[in-house]
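The values are calculated or read from the model by the stated rules, or taken from the named source; none is laboratory data. No experiment lies behind these values; they were computed from the predicted model shown. We place every Cβ from the backbone using ideal geometry, glycine too, and count neighbours over all the protein chains shown. Surface areas here come from the heavy atoms of the whole protein model, side chains and all, with no ligands, DNA or RNA. Shrake-Rupley method; radii C 1.70, N 1.55, O 1.52, S 1.80 Å.
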Amino acid sequence: MGLKPAEELVPHFHGHRERLRERFAAGGADAMPDYELLELVLFAAIPRKDVKPLAKALIARFGSFAEAIAAPRERILEIDGATQSVATQMKIIEAAALRLSKTKLLGKPALTSWAALLDYCAAAMARSQREEFRVLFLDRKNSLITDEVQSTGTIDHTPVYPREIVKRALEVGATAIILVHNHPSGDPTPSKADIAMTREVVDAAKALRIVVHDHLIVGRSGTASFKALGLL
């Protein structure tokens, strides 16, 4: 038998990959549905295979590009064809997005960059399956010095230690803080325990002239602000 022409030896998905890259270069992510954007992410993890079926399966399972990227590694691996390399590549994209959103806040007045702050908190915490309690530490100009996860708990509870929060604020030179925690249930409505805990933190901070600007509760359905709700 004679050799096939070179073009017949090239897998069909090679042309598809190049076309997707060209469309992305020309129109950006807005020109592509979620599964095609996810295909671009998967190219690096699976270089020699059509990734469209896997991309569609991931979107079907998790609902959107953002939800798929933020899904826990173990749930990603439940999808047929999703290898450790696939999960790692998706987590790299998630980490990059989070780093970018945080960079937009560092050194800038948090109270005048509120939309960016909410976006960052949602990206960092909204899809977590466990409660996390995070503190944003601000300087005298209300610019973000740093943010830190103070504690991680269960699906509906995380321990909070007001004295430790205030101690850490003093260590980093913060004069104001914003409290943030998530509700894995998705509903950001403050509970009675949330309200009581916030008052404890406010009282501990006030004694050392540290201002608590707000307490944000992040859920998949949105973000609740204690200040906006008149609770602070």
Failed condition for Thr103, given (1) within 30 Å of Arg163 (Cβ to Cβ); (2) under 15 Å from the mean Cα position of the chain (by Cα): (1)
Yes/no for Glu164 being under 30 Å from Pro72 (Cα atoms) and within 23 Å of the chain's Cα centre (by Cα): no
From Ser151, Ser143, residue being of a type in the set (S, T, N, Q) and at pLDDT below 90: Ser151
Subset of segment 180-232 that is under 14 Å from Leu118 (Cα atoms) and of a type in the set (S, T, N, Q) - its residue that is surrounded by the fewest Cβ atoms within 10 Å (Cβ to Cβ): Ser221
Leu111, sole failed condition from (1) modelled with pLDDT of 85 or more; (2) open to solvent by 60 Å² or more (accessible area, probe 1.4 Å); (3) assigned to a helix (DSSP H, G or I): (1)
Count of residues meeting criterion [within 18 Å of the chain's Cα centre (by Cα) and closer than 16 Å to Ala95 by Cα] in segment 22-76: 12
In segment 188-223, the residues that are among the basic types (Lys, Arg) and in contact (Cβ under 8 Å) with a residue 60 or more places away in the chain: Arg220
Qualifying residue in segment 36-47 (condition: buried (at least 19 other Cβ atoms within 10 Å of the Cβ) and not hydrophobic (A, V, I, L, M, F, W, C)): yes
Close pairs (6 angstrom Cβ cut-off, 6 or more residues apart or separate chains): in contact (Cβ under 8 Å) with a residue 12 or more places away in the chain and open to solvent by 20 Å² or more (accessible area, probe 1.4 Å) in segment 130-151, assigned to a loop (DSSP other than H, G, I, E, B) and of a type outside the set (Phe, Trp, Tyr) anywhere: Arg140/Thr175; Ile145/Asp139; Ile145/Ala174
Inter-residue pairs, beta-carbon under 8 Å, first β-branched (Val, Ile, Thr) and in segment 19-46, second in a helix (DSSP H, G or I), 6+ apart: Val41/Ile69; Val41/Gln89; Val41/Met90; Val41/Ile93; Ile46/Leu54; Ile46/Ser85; Ile46/Val86
Flag if Asp80 is open to solvent by 40 Å² or more (accessible area, probe 1.4 Å) and either β-branched (Val, Ile, Thr) or in a loop (DSSP other than H, G, I, E, B) (or both): yes
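Sort through Arg75, Arg99 and tell me the only one that's out of contact with any helix residue (DSSP H, G or I) (no Cβ under 7 Å at 6 or more places or on another chain), over 13 Å from Leu38 (Cα atoms) and surrounded by 14 or more Cβ atoms within 10 Å (Cβ to Cβ).
Only one candidate qualifies: Arg75.
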